[in-house]
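A quick write-up on the structure given underneath.
The values are calculated or read from the model by the stated rules, or taken from the named source; none is laboratory data. Since this is a predicted model, take the numbers as computed values, not measurements. FYI the Cβ positions are ideal-geometry reconstructions off the backbone, even for glycines, and counts take in every protein chain you see. What goes into the accessible areas is simple: the full protein's heavy atoms, side chains included, and nothing from ligands, DNA or RNA. Shrake-Rupley method; radii C 1.70, N 1.55, O 1.52, S 1.80 Å.
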Amino acid sequence: MTLKLLIVDDSTVIRNRIARLCQDMRLPCLEIVGLAGDGRQALALAEQFRPQLVTMDLTMPQMDGDECISRIVDRLPETRILVVSALSDKATALKAIKKGAQGFLRKPFSDEQLVESLLELIR
Amino acid sequence: MTAPTPIKKALKPADVEVFAETIGHYFERITGEKALVRTAYLLETEAPPQDDFNGMIIVHGSYQGSVCFAAPRGLLTHVLMRMGQQEYSDADHLDIVGEIANTLAGRARRVLGEGLEITPPHTYTRAGRALPSPASGTPLVIPFTWQIYAAVLVVHLDVLG
């Protein structure tokens, strides 16, 4: 079964890196359905494609990741969200999990850490 | 009645150490090679150093000020290559300098806590302009080298008490 993945980060380089790793590391179960640079774009793409998985940055313009997580969880409660953020304090991670995220990966991350976190989310 | 003005204090040496540690950690994680962090110094009179590309994070919350990462093109091109990027335009360099600034400031929250609230990066080239930093104290420059390249992190923060 293929799972739809939406990648959300305000950095184009990071969005591309995550997309490329998903392809290069041969995660055939993932189909990337969208790349979003802020929370508003992410919400629109999430409603359009109804992804099962989302990687979500927190510090973004327009709408930040916190608010975006709440809205996605409201509308698509089955969607699993992996937060990928530089905000490294425990309180931020706990807040994201409380809002409905299933995982938290701190930046900077290695290729292996990203793949492992995504696999963890899929299991 | 007006609200009392918060007391502003300087960062403690241990807080500065956090930023130095984040630089080392970032380059080791992304490139496999540690950056050599040099002795930090206070910038008493000169303007903060700028480089080919600059990423500035405005900080608010329990801290007030800015964190700015300034780096030469060559260093950023190497980081882009290590991330698997296949294009190296100015836009890509601006993107990565902002992302590094964001990551270094965000990682400092591990020790300084969630009171260090950060904004998305403001990025600019050597010809561009920094935003005015909301801090009133003296900026601190943390210089480092990675391979043959020299870069700096300028930490300009007041601690609100």
Residues of the stretch B:132-161 being over 17 Å from B:Ile57 (Cα atoms), open to solvent by 20 Å² or more (accessible area, probe 1.4 Å) and touching a Lys or Arg at 6+ places or on another chain (Cβ under 8 Å), which ones?
B:Pro143, B:Thr145, B:Leu160, B:Gly161
Please find, within the stretch B:129-148, the residue that is modelled with the highest pLDDT out of those that are out of contact with any strand residue (DSSP E or B) (no Cβ under 7 Å at 6 or more places or on another chain) and not hydrophobic (A, V, I, L, M, F, W, C).
B:Gln147
Taking the residues in the stretch B:99-131 that are at the interface with chain A (Cβ under 7 Å from one of its Cβ atoms), under 15 Å from the mean Cα position of the chain (by Cα) and of a type outside the set (Ser, Thr, Tyr) as candidates, determine which candidate is farthest from B:Val59 (Cα to Cα).
B:Glu99
What number of residues within the stretch B:38-51 satisfy the criterion of being farther than 17 Å from B:Ile23 by Cα, assigned to a loop (DSSP other than H, G, I, E, B) and open to solvent by 50 Å² or more (accessible area, probe 1.4 Å)?
6
The one condition in (1) of a type in the set (Gly, Ala, Ser); (2) outside any helix (DSSP H, G or I); (3) open to solvent by less than 10 Å² (accessible area, probe 1.4 Å) that B:Gly98 fails to fulfil
(2)
So B:Arg73 clears everything in (1) more than 12 Å from every other protein chain (Cβ to nearest Cβ); (2) modelled with pLDDT of 95 or more; (3) out of contact with any His (no Cβ under 7 Å at 6 or more places or on another chain) except one condition, right? Which one?
(3)
Across the stretch B:73-95, what is the total count of residues that are surrounded by fewer than 16 Cβ atoms within 10 Å (Cβ to Cβ) and among the charged types (D, E, K, R)?
3
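Hey, can you tell me all the residues within the stretch B:87-98 that are more than 8 Å from chain A (Cβ to nearest Cβ), within 17 Å of the chain's Cα centre (by Cα) and not hydrophobic (A, V, I, L, M, F, W, C)? So that I can check it myself, show each step before the final result.
Taking the stretch B:87-98 as the starting set, the residues that turn out to be more than 8 Å from chain A (Cβ to nearest Cβ) are B:87-90, B:93-94, B:97.
Now narrow it down to the ones that are within 17 Å of the chain's Cα centre (by Cα): B:93-94, B:97.
Of everything in the stretch B:87-98, just one residue is more than 8 Å from chain A (Cβ to nearest Cβ), within 17 Å of the chain's Cα centre (by Cα) and not hydrophobic (A, V, I, L, M, F, W, C), namely B:His93.
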Exactly one of (1) touching a Cys at 6+ places or on another chain (Cβ under 6 Å); (2) facing chain A (nearest Cβ under 9 Å) is unmet by B:Met56. Its number?
(2)
Scan the stretch A:41-80 residue by residue and report those that are polar (S, T, N, Q), open to solvent by 20 Å² or more (accessible area, probe 1.4 Å) and either free of Cβ contacts under 8 Å to residues at least 40 places away in the same chain or on the phi > 0 side of the Ramachandran plot (or both).
A:Gln41, A:Gln48, A:Gln62, A:Ser70
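Only one residue in A:Leu43, A:Leu121 is out of contact with any Phe, Trp or Tyr (no Cβ under 7 Å at 6 or more places or on another chain), farther than 24 Å from B:Arg110 by Cβ and away from every other protein chain (no Cβ under 11 Å), so which one is that? Working first, answer last.
Values: A:Leu121 fails: farther than 24 Å from B:Arg110 by Cβ.
On inspection, the qualifying residue turns out to be A:Leu43.
Inspect the stretch B:11-22 for any residue being open to solvent by less than 50 Å² (accessible area, probe 1.4 Å), modelled with pLDDT under 90 and more than 12 Å from the chain's Cα centre (by Cα) and give the result as yes or no.
Taking the stretch B:11-22 first, the residues open to solvent by less than 50 Å² (accessible area, probe 1.4 Å) are B:11, B:15-16, B:18-20, B:22.
Still in the running and modelled with pLDDT under 90: B:11, B:15-16.
Going one step further and asking which of them are more than 12 Å from the chain's Cα centre (by Cα), we end up with B:11, B:15.
Yes, some residue in the stretch B:11-22 is open to solvent by less than 50 Å² (accessible area, probe 1.4 Å), modelled with pLDDT under 90 and more than 12 Å from the chain's Cα centre (by Cα).
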Hey, B:Thr31 hits all of (1) more than 17 Å from the chain's Cα centre (by Cα); (2) open to solvent by 40 Å² or more (accessible area, probe 1.4 Å) but one; which does it fall short on?
(2)
Of residues in the stretch B:122-161 being touching a residue at least 24 places away in the same chain (Cβ under 8 Å), assigned to a loop (DSSP other than H, G, I, E, B) and of a type in the set (Gly, Ala, Ser), the one farthest from B:Met56 (Cα to Cα)
B:Gly161
